[in-house]
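A short worksheet on the structure shown next.
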Amino acid sequence: IYRLQFRRNQTTFSSTEKANRARFDFFFSFTAFLFISFENTSKQKTMATHKFHSRPDDIILHVSPGSQYSLKVIVALESRKLPHFISFAAIVPKSRVLPSGRFMVPELEFKGKAVNDSSDIMRFLDEEVKANFFPDEIKDQVEALDEEAETTLDAICDYFNYVDEKGFEKSLLQSMSRYVPWYAFWINVRKRIKPTREKKALKCREVLKCDLNRDSVLGILDEKMNSYEKMLGSAEDQKFLLLSSQPTAADIAIFAKICRLTDNLGDMSIGSDVSIDDVIGDRENLKTWYERMEDLSPRRWKGKRVN
């Protein structure tokens, strides 16, 4: 960053000032190189005990840490007790090296095939291992609820992570201090992420069709939670949505969005300004369902690395 700024402005400096800045440039670059090399070596030593060798028929999931889309696939795999490995993709999309050659995560790698998009991954697992995330008898209803989670609930997640100032500070901005190296904070983080926040705000307006303030968005969230509470109370001893005997893509999608919204990510944490009480409240059917989903999926991100 310093070098780019210097090159941009170097014509305005005298020859002495240029020489002094060049010396500083050299020592700064050399020091940063030593620090980054030491940091990477330390991380490799720390994570070495969590790596496993994979075979061609292993399931490998490439994820972005804390992403609700990646979490959705982790929950799906855990709910069916499908053994899998996890590979953490680079935070910057263009820096990612994925089997498909694309940049979108999650990406699932299995038997020489690579599939993107959380819902498409579950459809792929239905075909390959008969996971039954979209049961034939209720397929249309499951797809409708999955789509609702990927539009309305996803927009609500985006609002509290990007658009709402307090939510942004307690989630993404806070997490950057843990996952982004110290030298990256030479950049003005808020300024860099401003275009993304503006795009997310536009998306939230289009999907939620309301004034973008906390009360309005929580009101829409309450409406959705009330509808799920009613669905779960439609029959005695109902365990999952749509009277299914095991969680479908609908249960998994809704559960993943609630977990991301409330930062209940298992052994990963991003931060949140929304509590589980804000989401579930005193809805007994929904609370019982949520606890059942938690038991089925511990949401483990770590300890599954692959060589």
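Worth a mention:
- Screening Lys194, Lys170 for residues that are in contact with a Gly (Cβ under 8 Å, 6 or more places away or on another chain), open to solvent by 80 Å² or more (accessible area, probe 1.4 Å) and modelled with pLDDT under 95 leaves exactly one candidate, Lys170.
- Scope the range 201-221; condition touching a Gly at 6+ places or on another chain (Cβ under 9 Å) and part of a helix (DSSP H, G or I); matching residues: Arg214
- Test: residue in the range 140-149 that is at pLDDT 95 or above, surrounded by fewer than 20 Cβ atoms within 10 Å (Cβ to Cβ) and in contact with a Lys or Arg (Cβ under 9 Å, 6 or more places away or on another chain): yes
- Check on Asp282, in a loop (DSSP other than H, G, I, E, B) and within 21 Å of Glu236 (Cβ to Cβ): yes
- One residue stands out in the range 58-92 among those that are out of contact with any helix residue (DSSP H, G or I) (no Cβ under 9 Å at 6 or more places or on another chain) and of a type in the set (A, V, I, L, M, F, W, C): the one that is most open to solvent (accessible area, probe 1.4 Å), namely Val92.
- Under the condition of being within 17 Å of the chain's Cα centre (by Cα) and buried (at least 19 other Cβ atoms within 10 Å of the Cβ), the residues counted in the range 99-114 number 4.
- Filter result for Ser70 (closer than 28 Å to Met176 by Cβ, assigned to a loop (DSSP other than H, G, I, E, B), modelled with pLDDT of 80 or more and not basic (Lys, Arg)): no
- Note on the range 227-273: among residues that are assigned to a helix (DSSP H, G or I) and aromatic (Phe, Trp, Tyr), the one that is surrounded by the most Cβ atoms within 10 Å (Cβ to Cβ) is Phe255.
The values are calculated or read from the model by the stated rules, or taken from the named source; none is laboratory data. Keep in mind that this is a model prediction, so the values were computed, not measured. In this analysis, Cβ positions are derived from the backbone assuming ideal geometry, glycine residues included, and neighbour counts consider all displayed protein chains. The protein model used for the area step is the full one, side chains on, heavy atoms only, and it has no ligands, DNA or RNA in it. Shrake-Rupley method; radii C 1.70, N 1.55, O 1.52, S 1.80 Å.
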